[in-house]
Every structure is written in C-alpha cells, then in structure tokens.
C-alpha cells in the first residue's frame with residue numbers, strides 16, 4: 001500500500017498525492033490539518049495561510065483563542081470525542097488523549113489500514129481529564145516526551161496532598177505560595193486542586209485567567225481571581241506562568257514549579273513537584289501494550305529510547321518517525 005508517514009513541519013500522512021497534516025507548523029504542503037490540543041508547539045496549523053481546512057475540539061479552539069488572543073487564521077470545524085468524518089481518502093475518528101482539557105488523538109483509516117496519532121498523551125486520570133483512550137490500530141504514532149526509563153512519576157493521589165500541604169504550610173508561615181506552571185493545562189489543574197482541597201483564596205496571572213474563562217465557558221468551574229495589585233502574605237496562593245519564575249515583585253514569596261522534569265532537575269530555592277500532563281515511561285509502555293499495534297513510530301522527546309524499549313520489552317516493530325519525505329513505503 002502506497003502510504004507514507006513522516007515528519008515534515010509536523011506529522012504527515014500521504015496517500016497518492018493527498019496529504020494529511022497532524023499538529024503541523026504554519027508551513028503546510030497539504031490542505032488539511034488536524035490539531036490535537038491548544039499548546040503552542042501543536043497549534044501552528046491554526047496559523048497557516050492559504051486554503052487550509054482544520055479540525056479540532058471545541059475546547060481546543062476556545063483555549064487557543066484565550067491563550068493567543070486571536071481566532072485561527074483558517075476555518076476550523078469543531079469535532080467531538082468519538083466523532084467520525086472523512087477528508088479526501090482519509091477516514092478519521094477522534095479520541096481522548098488525556099493530556100489537557102479538550103486534547104485528542106486521531107485514528108486515521110486509509111484503505112483498511114488504521115493509523116493512530118496520540119498527540120501529547122496522559123494515561124492517568126486528573127482533576128481535569130480522564131486517562132487517554134487506547135485505540136487499537138495497525139500503526140501507532142506516539143509521543144515520547146518522557147520516553148526514557150528514568151522518568152517515573154508519583155501518582156496524582158500522592159502528589160496532590162503533598163502540593164496542598166506545602167501551600168497551606170506556607171500560608172500559615174505568613175508567606176505567599178506561588179506555583180509557576182504552564183498557563184494552559186497545568187495552571188487549571190492546580191487551580192482545581194486548590195479549589196477541591198483547600199479554602200485558600202486563589203489568584204492567577206491575567207493570562208491564566210483568560211484560559212480559565214475558556215474552561216468555564218464549557219462548564220468547567222475554576223474559582224480564581226485575576227491578580228491585581230499586591231496580595232497580602234499569609235492570606236492566599238498564587239498561580240503564575242512558569243516564564244515569570246524569579247521575576248515576581250512581591251514580598252514573602254515561596255516559589256514552586258510543577259513539571260515532570262522535576263524527576264531529574266532541581267531549581268535553587270524553588271520547591272519542585274513532579275506533576276506532569278504527559279505519560280511517564282511505564283505509562284507509555286502500558287498504553288502501547290493495550291493498543292496492540294503492528295508497528296510504532298515515536299516522536300518528540302526521547303524517541304530513540306522509547307522505540308528501543310518497545311522493541312526489547314514488547315517485541316514490537318518500532319522506530320523514531322523519519323524526517324523528510326522518505327522514498328520507502330510503510331512495511332508491516
């Protein structure tokens with residue numbers, strides 16, 4: 001079967017001259033792009049020029065507009081989990097990827113061959129999302145951000161209490177606990193955590209407040225106020241973009257980060273919690289095992305390590321997604 005899968009400004013599937021882009025940059029060769037979620041490194045296709053048709057969940061579109069302050073440059077059709085549609089020779093089904101609110105993967109069928117693309121993946125429940133849905137397929141294209149054996153995260157059941165305990169203790173000490181996190185996804189999870197398990201007043205950066213509003217427009221309540229002026233130490237908790245770590249002009253601040261990289265890295269004078277919206281190494285292996293693919297392509301992060309582990313531990317055909325337009329066709 002003359003089907004090509006490769007990396008070209010994003011994940012690309014090509015069949016007899018028809019091109020399907022997944023999470024591509026604005027430089028598209030085809031005229032259809034599927035967008036898995038609203039993080040900046042995956043929404044390039046929404047900024048494309050030309051006669052491009054896009055597909056994404058309603059949540060992804062609303063969060064994109066809130067986070068970037070503009071509408072997509074292309075017409076985009078909102079889709080739902082479980083929805084099926086056809087574009088050219090490609091039949092597509094949408095499934096939950098568990099990464100952030102509204103994130104999805106796509107199952108693509110071409111002449112009986114099924115190809116699943118996960119986008120970014122989380123294979124455990126959180127306060128915002130359900131674990132990713134395993135979708136059986138012939139070929140699996142899976143992210144490998146934490147595809148190294150050294151990345152094994154504590155459960156959210158153990159992390160949430162630790163994070164709450166730290167925040168409450170800092171407030172009792174007369175300080176302002178500050179979580180420095182990604183404005184889309186992680187920030188909303190932490191606000192939700194603080195709402196669920198504490199009575200603390202939560203303040204958020206204005207950019208995060210806009211993304212929170214997008215969640216609320218879809219029925220997901222987040223109790224947090226936009227930061228105005230200087231909050232009183234010992235009375236509240238603050239959620240800020242991670243990019244502002246070290247640049248907060250407030251007194252009596254206790255900073256923290258929440259990221260999967262905290263498994264390996266430390267920040268001087270900063271509390272670090274290994275909370276991630278991505279699957280860790282064991283979760284990635286478990287997900288692939290449940291999907292039961294005949295072949296796996298890995299992309300992003302530790303793609304070589306994950307491909308090697310899938311071959312040695314699960315006995316699968318696996319390799320990093322090739323870059324460029326390779327002459328070889330898919331071989332199962």
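Just a yes or no: is a residue in segment 254-264 outside any helix (DSSP H, G or I), at pLDDT below 90 and not assigned by TED's automatic domain parsing to the domain that holds residue 143?
No; the residues of segment 254-264 include none that is outside any helix (DSSP H, G or I), at pLDDT below 90 and not assigned by TED's automatic domain parsing to the domain that holds residue 143.
May I ask you to list the residues in segment 11-48 that are in contact with a helix residue (DSSP H, G or I) (Cβ under 7 Å, 6 or more places away or on another chain) and either closer than 15 Å to residue 106 by Cα or part of a loop (DSSP other than H, G, I, E, B) (or both)?
Selection gives 21, 23, 24, 25, 26, 28, 33, 35, 36, 37, 38, 43.
Could you look through segment 231-253, keep only residues that are part of a loop (DSSP other than H, G, I, E, B), out of contact with any strand residue (DSSP E or B) (no Cβ under 6 Å at 6 or more places or on another chain) and farther than 21 Å from residue 168 by Cβ, and pick out the one that is modelled with the highest pLDDT?
249
I'd like the residue in segment 1-10 that is within 24 Å of the chain's Cα centre (by Cα) and in a strand (DSSP E or B) and, out of all such residues, is farthest from residue 41 (Cα to Cα).
Checked segment 1-10; the qualifying residue farthest from residue 41 (Cα to Cα) is 5.
Condition first: outside any loop (DSSP other than H, G, I, E, B), out of contact with any helix residue (DSSP H, G or I) (no Cβ under 8 Å at 6 or more places or on another chain) and more than 20 Å from residue 321 (Cβ to Cβ). Now tell me which residues in segment 265-308 satisfy that.
Of everything in segment 265-308, those that are outside any loop (DSSP other than H, G, I, E, B), out of contact with any helix residue (DSSP H, G or I) (no Cβ under 8 Å at 6 or more places or on another chain) and more than 20 Å from residue 321 (Cβ to Cβ) turn out to be 267, 270, 282, 286, 290.
Out of all the residues in segment 141-199, which are under 30 Å from residue 5 (Cα atoms) and crowded, with 18+ Cβ neighbours inside 10 Å?
The answer is 141, 142, 143, 144, 145, 146, 147, 148, 151, 184, 185.
Table: residues versus (1) closer than 28 Å to residue 270 by Cβ; (2) in contact with a helix residue (DSSP H, G or I) (Cβ under 8 Å, 6 or more places away or on another chain); (3) not in a loop (DSSP other than H, G, I, E, B).
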| residue | (1), (2), (3) |
| --- | --- |
| 108 | no, no, yes |
| 124 | yes, yes, no |
| 148 | yes, yes, no |
| 164 | yes, yes, yes |
| 195 | yes, no, yes |
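Residues of segment 117-130 being closer than 25 Å to residue 305 by Cβ and either within 12 Å of the chain's Cα centre (by Cα) or buried (at least 24 other Cβ atoms within 10 Å of the Cβ) (or both), which ones?
117, 118, 119, 120, 121, 122, 123 - these are the residues of segment 117-130 that are closer than 25 Å to residue 305 by Cβ and either within 12 Å of the chain's Cα centre (by Cα) or buried (at least 24 other Cβ atoms within 10 Å of the Cβ) (or both).
Give the residues of segment 200-227 that are exposed (fewer than 15 other Cβ atoms within 10 Å of the Cβ) and under 13 Å from residue 238 (Cβ atoms), sorted by residue number.
Once the filter is applied, which keeps residues that are exposed (fewer than 15 other Cβ atoms within 10 Å of the Cβ) and under 13 Å from residue 238 (Cβ atoms), segment 200-227 yields 206, 225, 226.
Is it fair to say residue 140 is within 24 Å of residue 282 (Cβ to Cβ), touching a helix residue (DSSP H, G or I) at 6+ places or on another chain (Cβ under 8 Å) and in a strand (DSSP E or B)?
Against the criterion (within 24 Å of residue 282 (Cβ to Cβ), touching a helix residue (DSSP H, G or I) at 6+ places or on another chain (Cβ under 8 Å) and in a strand (DSSP E or B)), residue 140 qualifies.
The values are calculated or read from the model by the stated rules, or taken from the named source; none is laboratory data. Keep in mind the model is a prediction, meaning the values are calculated, not measured. Ideal geometry is used to build each Cβ from the backbone, glycine not excepted, and the neighbour counts take in all protein chains shown.
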